[in-house]
Amino acid sequence: MERSDVTLTPVSPASDLVVQKAPGAVARFFDGDVWHSFIRSPVAMTAAIVAFVCVFCATFAGFVAPHDTQDLATLELADARLPPAWMADGKSTYLLGTDDQGRDILSALMFGARISLFVGVASVLLSMVVGVSFGLLAGFVGGKTDAFIMRVCDVMLSFPSILVALLIDGVGRAMFPNAHDTLAFAVLIIAISLSGWVQYARTVRGSTLVERNKEYVQAARVIGVTSLRIMRRHVLPNVMGPVLVLATIQVATAIIIEATLSFLGVGVPPTSPSLGTMIRVGNDFLFSGEWWITIFPGLVLVMIALSVNLLGDWLRDALNPRLR
């Protein structure tokens, strides 16, 4: 019998096998459709850059701003109402000019944007928590609970959001007439939040009505999972997509409402001026020639609101495959 020339390759032991690990969350994000949609959208990238610059300058205003507008000892009343640096009588130390108290407009914009962004983001987070909770409860439980919550939403929608915010802010200030700045901020945040939670409740309710009849929810009920756990662990993650899009857009709306309340004199305290307060103060000097006191805060407010709205529109399209 002839000898075979076939060579047998020894099998490596199990310990030598290379096990490929699943990619992490960051790697999955950069390989996902959302990131590819973002880098292919010039509008979304431009809006993200503008929003990042505004948020960065507002967050680190104490380090980025050329002047500390909150330090009253550094104010020079002789430099009040100076025009921007490129105009006649302007100074290079005040690039965008000064206001009626001699504060640098550029520095005041950074500190004011920080207050506006804080109030806007905090009010949206509170609105989202309240609205998602009531919407999830109404959609999952149904019956009289659903009917009651939706009737409350209908009543809230019958009033303009700015009117509701004015009413709550007025009641809060009447109840706490000697409130300090921290409590005044809390009243303002609650006023904006209670006028914006309805959109989250109605959105989550509609998504929950669809999700509660699906197979995975029925299977969880069969094995004895409690309703609270089903809502929290199974239904809630599947209805958060529209909520994130709505929250992104509502940030711009909350900032505009805060600026409106501050413009009307019922917003943030005068000792902590925001963009709305700066616009209100500059409006008194608009027709006397000092246009920069109100124009530049208005432009910053428009830039923040527009960039956030554009990001919200892109996120809505990116998370909905039917709109791609």
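Listing for the model above:
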| read-out | value |
| --- | --- |
| Residue-averaged [θ]222 nm for the chain, counting only DSSP H segments that reach four residues, each worth -39500 (n - 2.57) | -20500 deg cm²/dmol |
| Relative contact order (percent, whole number), segment 190-324, Cα cutoff 8 Å, 6+ residue spacing | 22 percent |
| Segment 238-292 - percent of accessible surface contributed by carbon and sulfur, probe 1.4 Å | 67 percent |
| Against the rule of thumb 2.2 N^0.38 Å, how large the Cα Rg of segment 59-152 comes out | 1.86 |
| Mean Cα-pair separation over length for the chain, i.e. relative contact order, pairs under 8 Å, 6 or more apart, % | 20 percent |
| Sequence of Val239, Val300 from largest to smallest accessible area, 1.4 Å probe | Val300, Val239 |
| Heavy-atom surface of the chain, accessible at 1.4 Å and reported per residue (Å²) | 58 Å² |
| Accessible area of segment 112-214 belonging to carbon and sulfur atoms, whole % at 1.4 Å probe | 72 percent |
| Under the Karplus curve 6.51 cos²θ - 1.76 cosθ + 1.60, θ = phi - 60°, whole-Hz ³J(HN,Hα) for segment 159-172, x wherever Gly or Pro sits | 10, x, 4, 5, 5, 5, 5, 5, 5, 5, 5, x, 5, x |
| Convex hull per residue volume in Å³, alpha carbons only, for the chain | 277 Å³ |
| Cα-based convex hull, segment 157-301, per residue volume (Å³, whole number) | 143 Å³ |
| Choice from Gly90, Gly131, Gly139 with maximal GNM fluctuation in the chain (Cα, 10 Å cutoff) | Gly90 |
| For the chain, with +1 on Lys and Arg beta carbons and -1 on Asp and Glu, the positive-most of Ala186, Ala138, Phe287 along the dipole | Ala138 |
| Surface accessible to a 1.4 Å probe, Arg212 within the full protein complex, Å² | 60 Å² |
| Farthest positive-ward along the chain dipole, Cα basis, beta-carbon charges - from Ser123, Val268, Leu75 | Ser123 |
| Distribution of pairwise C-alpha distances over segment 123-188, 10 Å bins, in % | 18, 37, 31, 13, 1 |
| By accessible area with a 1.4 Å probe, ligands and nucleic acids excluded, highest first: order of Lys144, Lys91 | Lys144, Lys91 |
| Dimensionless Rg ratio for segment 102-216, taking C-alpha atoms and the 2.2 N^0.38 Å reference | 1.34 |
| Value of D in µm² per second that Stokes-Einstein yields for segment 202-255, Kirkwood Rh from Cα pairs, at 10 °C (1.306 mPa s) | 130 µm²/s |
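The values are calculated or read from the model by the stated rules, or taken from the named source; none is laboratory data. None of the values given here were measured: they were computed from a predicted structure. Here Cβ is always computed from backbone atoms with ideal geometry, including for glycine, and neighbour counts include all displayed protein chains. To get the accessible areas, we keep the full protein, side chains included, count just its heavy atoms, and leave off ligands, DNA and RNA. Shrake-Rupley method; radii C 1.70, N 1.55, O 1.52, S 1.80 Å.
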